[in-house]
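One structure below.
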Amino acid sequence: MSNKSIKQVDSLFEELIDGYSEDEITLLKKAFDLASAGHSNQKRLSGEPYITHPLHVAIYLSNLSMDIETIVSAILHDLIEDTDITYSELKKEFGKEIADIVDGVTKLDKINYNSKEEAKADAIRKMVIAMSKDIRVLILKLADRLHNIETIDHLNEWKKEKIAQETLYVYAPLAHRLGLQNIKHTLEDVSFNIL
């Protein structure tokens, strides 16, 4: 990582841990170290280190006053899907609750949306099932989508449109149902601009 990238990552982590207790900071640092190592060879299309994405998602959730387990899960949320780290390893290191949240987000990421109707029926049904286990999975997924759509400029037009449509048909209504109006409006505004 370049010095600029290291400073950017350090700055995001410092922003995240502001206001947490010593024990919570220790847990956040443990998650950050694992996620940094897991994503060490990955970059976003913008060229930024991949770890910046989970840190932004964690900051969004911290700003919503989510509990520490959700914030830790946000830092870890792409590890099962994008690295060799397994559910069992997360469970061993961070406990079942955090591992289940990360696993729930991973399962939501595997949903494919091919049409508006399919997206509404299938995705919302699967999300409601996930929500019945732990609503924090959905809130984390919304924060993940929020950061991804705010940083969508580096994708090709077809991919941008597909993501914008998914966002309008699935994620913005979900944010509305959960009372997360700021997220809903941002998701809609960016999606409408793309489309």
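The values are calculated or read from the model by the stated rules, or taken from the named source; none is laboratory data. Here the structure is a predicted model, which means the values were calculated and not measured. Because the Cβ atoms are built from the backbone with ideal geometry, glycine has one as well, and the counts that use them run over all protein chains shown. The area values use the complete protein model at the heavy-atom level, side chains included, leaving out ligands, DNA and RNA. Shrake-Rupley method; radii C 1.70, N 1.55, O 1.52, S 1.80 Å.
If you take the residues in segment 30-44 that are in a helix (DSSP H, G or I) and without any contact (Cβ under 8 Å) to a residue 12 or more places away in the chain, which one is surrounded by the most Cβ atoms within 10 Å (Cβ to Cβ)?
So, considering only residues that are in a helix (DSSP H, G or I) and without any contact (Cβ under 8 Å) to a residue 12 or more places away in the chain, the one surrounded by the most Cβ atoms within 10 Å (Cβ to Cβ) is 37.
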- Message: Of the residues 40, 36, only one is modelled with pLDDT of 95 or more and touching a strand residue (DSSP E or B) at 6+ places or on another chain (Cβ under 9 Å); which?
- Response: 36
- Over segment 156-184, the set of residues of a type in the set (Ser, Thr, Tyr) and within 22 Å of residue 61 (Cβ to Cβ) is 167, 171
- Query: From 60, 50, which residue is without any contact (Cβ under 8 Å) to a residue 40 or more places away in the chain, within 15 Å of residue 147 (Cβ to Cβ) and not acidic (Asp, Glu)?
  - Reply: 50
- Task: State all residues of segment 11-29 that are assigned to a helix (DSSP H, G or I) and open to solvent by less than 80 Å² (accessible area, probe 1.4 Å); if no residue qualifies, say none.
- Result: 11, 12, 13, 16, 17, 24, 25, 27, 28
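Can you tell me which residues in segment 180-195 are part of a helix (DSSP H, G or I) and either open to solvent by 90 Å² or more (accessible area, probe 1.4 Å) or more than 17 Å from residue 158 (Cβ to Cβ) (or both)?
First, pick out the residues of segment 180-195 that are part of a helix (DSSP H, G or I): 181-194.
If the condition is that a residue be part of a helix (DSSP H, G or I) and either open to solvent by 90 Å² or more (accessible area, probe 1.4 Å) or more than 17 Å from residue 158 (Cβ to Cβ) (or both), then 181, 182, 183, 184, 185, 186, 187, 188, 189, 192, 193 are the ones that fit.
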